[in-house]
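Before we start, here is the structure in question, set down as structure tokens.
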Amino acid sequence: MVAWPTYSCRVPRPAARWLLTSLVALVSLAVVGGLGAPAGAAPTLPDAPTITAVNGGVASGQLQVVYTLGASATPVTSVEASLDNGGSWYPCADLSGMCPLLNLTDNRAYTVILRAVNADGPGAASAPATGTPTIPAGADPDKPSVLPNPSVRVSAAFDAAGNRLGADGATARLGVGTLPHLRFSRPITNKSAVERHLTVTATNDATGVQKTVVGAWGWLDDRTVVFRPKNYWPGRSTIRITSTLDDAVLGKSGRAVIVGSKKLGTEYVFRTARSLIARVDGKSHLMKVYVDGKLAKTFPVSLGTTEWETRNGVKVISDAKEPKHTYTSASLDITTPEDTENPEFYELKDIPWNTRLTPTGEFMHSAPWAYGRLGRWNGSHGCTNMRTEDAKWIYDKTVPGDVAIYTNTGGQTVEPTNGPGGLWNIPWADWLKRSALKSVTGTVDTTIATPTPESRPGASA
């Protein structure tokens with residue numbers, strides 16, 4: 001048996017000094033130049049690919065991204081694609097120069113970027129390119145290759161501010177409570193075909209990220225269809241409604257088949273302003289204004305008194321603003337114009353900064369006579385009384401489509417036909433019944449939840 005020498009665990013002092021010196025040298029080498037690597041060496045990442053085409057129409061829900069690779073010091077091992085401006089990346093199948101993207105939504109425009117990956121990691125992203133998946137020619141059941149005969153063409157008019165905002169969505173940014181609609185030139189009997197060929201997306205103006213808007217089309221009658229997002233529009237965004245209704249069979253009119261006009265193959269575009277939502281609480285007597293989700297202003301208010309309760313629910317601001325307005329008891333049928341001796345008589349002339357909320361007479365306006373109850377108790381005839389400077393802020397800063405949500409007022413809910421905010425007050429489950437695709441029964445109910453508002457004079461105080 002070999003006798004191995006025995007070593008102590010203790011290192012002799014001279015050796016310990018040598019070991020310490022060596023360690024210091026190694027650490028210095030690592031800090032300055034990297035252990036085992038030349039000083040100044042850095043990873044060499046691949047250049048960005050170049051996208052030459054983004055093709056749809058190959059198969060339903062698919063895009064083909066055609067690209068060429070850039071330079072790379074080491075072999076490219078993979079190519080990755082992103083549909084959200086680099087938020088998440090997905091590997092392409094191979095390095096063939098064509099990256100297929102699957103499980104997409106037909107008729108929705110997608111913006112794609114690519115990046116190459118080598119042994120050192122992912123390189124820079126390519127310039128963005130856009131493509132739209134479409135159903136291949138002849139594969140869409142709503143678009144036969146040979147149109148039936150006899151047939152009649154149908155056209156449609158688009159309004160981005162379809163809830164009577166009094167604004168032109170083609171030129172002005174709208175608030176997040178706008179409701180776009182299409183009005184067809186004749187009654188539509190195949191409403192599901194219309195909804196299948198309308199796709200709604202929102203692109204963030206700052207990031208370029210595009211998303212499908214969660215919402216539903218709802219039919220007000222046989223010719224008018226409105227898109228309502230489930231939770232308002234995103235602010236500071238470009239909204240695109242892509243229509244592929246051209247040559248689509250949309251039902252029958254007598255013996256003739258209704259076919260979408262060629263001009264219905266189009267894209268309707270409007271833009272949203274910053275998100276502004278005012279929340280008015282009848283219990284706290286406060287209005288809190290949120291801009292892009294952050295609290296921007298808090299105003300004391302006074303709402304409607306007993307028997308004149310302000311309506312609860314969603315109200316949407318339009319262009320109906322008046323720098324001065326006169327409020328009278330006669331306009332509310334409380335008194336006659338001549339009954340000046342009646343203790344209920346009043347005439348408030350030229351009140352400044354009036355922002356109308358409903359055609360039945362609700363305004364936000366200054367109320368210098370009511371300063372003692374602002375933020376304390378409700379005493380108006382239904383309007384939202386405010387300090388003069390606060391009413392002016394609302395008058396100046398709001399745009400058509402901005403939202404005001406009222407709670408705890410003691411009043412009824414805003415009727416669906418009572419002003420620009422009316423349709424937002426239809427419960428979501430009932431709104432889905434207006435959609436041919438979302439209705440549980442498959443039929444469209446255009447009669448629900450649309451009572452005519454009670455007759456009330458044109459302006460409360």
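Taking segment 120-150 on its own, how many of its residues are surrounded by 14 or more Cβ atoms within 10 Å (Cβ to Cβ) and of a type in the set (Gly, Ala, Ser)?
Looking only at that region, the number is 5.
Given the structure, is Pro416 under 28 Å from the mean Cα position of the chain (by Cα), crowded, with 21+ Cβ neighbours inside 10 Å, outside any helix (DSSP H, G or I) and free of Cβ contacts under 8 Å to residues at least 40 places away in the same chain? Show your work before the answer.
Numbers: under 28 Å from the mean Cα position of the chain (by Cα): yes; crowded, with 21+ Cβ neighbours inside 10 Å: yes; outside any helix (DSSP H, G or I): yes; free of Cβ contacts under 8 Å to residues at least 40 places away in the same chain: yes.
Spelling it out, Pro416 is indeed under 28 Å from the mean Cα position of the chain (by Cα), crowded, with 21+ Cβ neighbours inside 10 Å, outside any helix (DSSP H, G or I) and free of Cβ contacts under 8 Å to residues at least 40 places away in the same chain.
Please state which one of Ala39, Ala48 is modelled with pLDDT of 95 or more and small (Gly, Ala, Ser).
On the way: Ala39 fails: modelled with pLDDT of 95 or more.
Matching residue, one of Ala39, Ala48: Ala48.
Now, a different point. Would you check if Trp424 is within 20 Å of Arg164 (Cα to Cα), surrounded by 21 or more Cβ atoms within 10 Å (Cβ to Cβ), at pLDDT 95 or above and touching a strand residue (DSSP E or B) at 6+ places or on another chain (Cβ under 7 Å)? Walk me through how you get there before you give the answer.
Values: within 20 Å of Arg164 (Cα to Cα): yes; surrounded by 21 or more Cβ atoms within 10 Å (Cβ to Cβ): yes; at pLDDT 95 or above: yes; touching a strand residue (DSSP E or B) at 6+ places or on another chain (Cβ under 7 Å): yes.
Answer is yes for this residue.
Going through Val117, Val79 one at a time, which residue ends up being more than 27 Å from Thr266 (Cα to Cα), outside any loop (DSSP other than H, G, I, E, B) and in contact with an Asp or Glu (Cβ under 7 Å, 6 or more places away or on another chain)?
Values: Val79 fails: in contact with an Asp or Glu (Cβ under 7 Å, 6 or more places away or on another chain).
On inspection, the qualifying residue turns out to be Val117.
Still on this model: Checking the conditions here, which among Arg228, Arg186, Arg196 is more than 19 Å from Pro427 (Cα to Cα), among the charged types (D, E, K, R) and at pLDDT 95 or above? Give the derivation first.
Working: Arg228 fails: more than 19 Å from Pro427 (Cα to Cα); Arg196 fails: at pLDDT 95 or above.
So the residue among Arg228, Arg186, Arg196 that is more than 19 Å from Pro427 (Cα to Cα), among the charged types (D, E, K, R) and at pLDDT 95 or above is Arg186.
Let me ask something else. Against the definition (closer than 30 Å to Ala193 by Cα, at pLDDT below 95 and in a loop (DSSP other than H, G, I, E, B)), how does Arg10 come out, yes or no? Don't jump to the end; show me each part of the working.
Details: closer than 30 Å to Ala193 by Cα: no; at pLDDT below 95: yes; in a loop (DSSP other than H, G, I, E, B): yes.
The answer is no for Arg10.
What pairs come up if the first residue lies in segment 134-161 and is free of Cβ contacts under 8 Å to residues at least 24 places away in the same chain, the second is among the polar types (S, T, N, Q), and their beta carbons are under 7 Å apart, counting only those six or more places apart or on different chains?
Hits for this filter: Gly138/Ser145.
Working only within segment 59-95, note down all residues that are aliphatic (A, V, I, L, M) and crowded, with 18+ Cβ neighbours inside 10 Å.
Kept after step one, since they are aliphatic (A, V, I, L, M), are these residues of segment 59-95: 59, 63, 65-66, 69, 71, 73, 76, 79, 81, 83, 93, 95.
The answer is Leu63, Val65, Val76, Val79, Ala81, Leu83.
What pairs can you find where one residue is in segment 267-292 and on the phi < 0 side of the Ramachandran plot, the other is among the acidic types (Asp, Glu), and their Cβ atoms are less than 7 Å apart, with a gap of 6+ or different chains?
If the second residue must be among the acidic types (Asp, Glu), the pairs left are Arg274/Asp292; Ser275/Asp292; Leu276/Asp402.
Looking only at residues in segment 322-366 that are touching a helix residue (DSSP H, G or I) at 6+ places or on another chain (Cβ under 6 Å) and in a strand (DSSP E or B), which one is nearest to Gly177 (Cα to Cα)?
Of everything passing the filter in segment 322-366, Thr355 is nearest to Gly177 (Cα to Cα).
Go through (1) buried (at least 21 other Cβ atoms within 10 Å of the Cβ); (2) in contact with a strand residue (DSSP E or B) (Cβ under 6 Å, 6 or more places away or on another chain); (3) closer than 26 Å to Ala404 by Cα one by one and return the number of the condition Thr238 breaks.
Of the numbered conditions (1) buried (at least 21 other Cβ atoms within 10 Å of the Cβ); (2) in contact with a strand residue (DSSP E or B) (Cβ under 6 Å, 6 or more places away or on another chain); (3) closer than 26 Å to Ala404 by Cα, the odd one out for Thr238 is (1).
Name the residue that is modelled with the lowest pLDDT, counting only residues in segment 435-449 that are among the aliphatic types (A, V, I, L, M) and more than 17 Å from Glu415 (Cβ to Cβ).
Of the residues in segment 435-449, the ones among the aliphatic types (A, V, I, L, M) are 436-437, 440, 444, 448-449.
Now narrow it down to the ones that are more than 17 Å from Glu415 (Cβ to Cβ): 436-437, 440, 444.
On the way: Ala436: 93, Leu437: 89, Val440: 73, Val444: 90.
It comes out as Val440.
Further question: Select from segment 258-302 the residues that are among the hydroxyl-bearing types (Ser, Thr, Tyr), more than 13 Å from Asp402 (Cβ to Cβ) and surrounded by 22 or more Cβ atoms within 10 Å (Cβ to Cβ) and list them in ascending order.
If we filter segment 258-302 for residues that are among the hydroxyl-bearing types (Ser, Thr, Tyr), which is where we start, we get 261, 266, 268, 272, 275, 284, 290, 298, 302.
Retained after the next criterion (residues that are more than 13 Å from Asp402 (Cβ to Cβ)): 261, 266, 268, 284, 298, 302.
If the condition is that a residue be among the hydroxyl-bearing types (Ser, Thr, Tyr), more than 13 Å from Asp402 (Cβ to Cβ) and surrounded by 22 or more Cβ atoms within 10 Å (Cβ to Cβ), then Ser302 is the only one that fits.
Scan the strands (runs of 3 or more DSSP E) fully inside segment 166-269 and keep the ones with 3 or more residues being within 18 Å of the chain's Cα centre (by Cα) and polar (S, T, N, Q). If you could, list the steps in order and put the result at the bottom.
Numbers: elements: 181-184, 198-204, 210-212, 215-219, 224-229, 237-244, 249-253, 256-260.
Passing ranges, in order: 198-204, 237-244.
The values are calculated or read from the model by the stated rules, or taken from the named source; none is laboratory data. Bear in mind that the values here come from a model prediction, so they are computed numbers and not experimental data. FYI the Cβ positions are ideal-geometry reconstructions off the backbone, even for glycines, and counts take in every protein chain you see.
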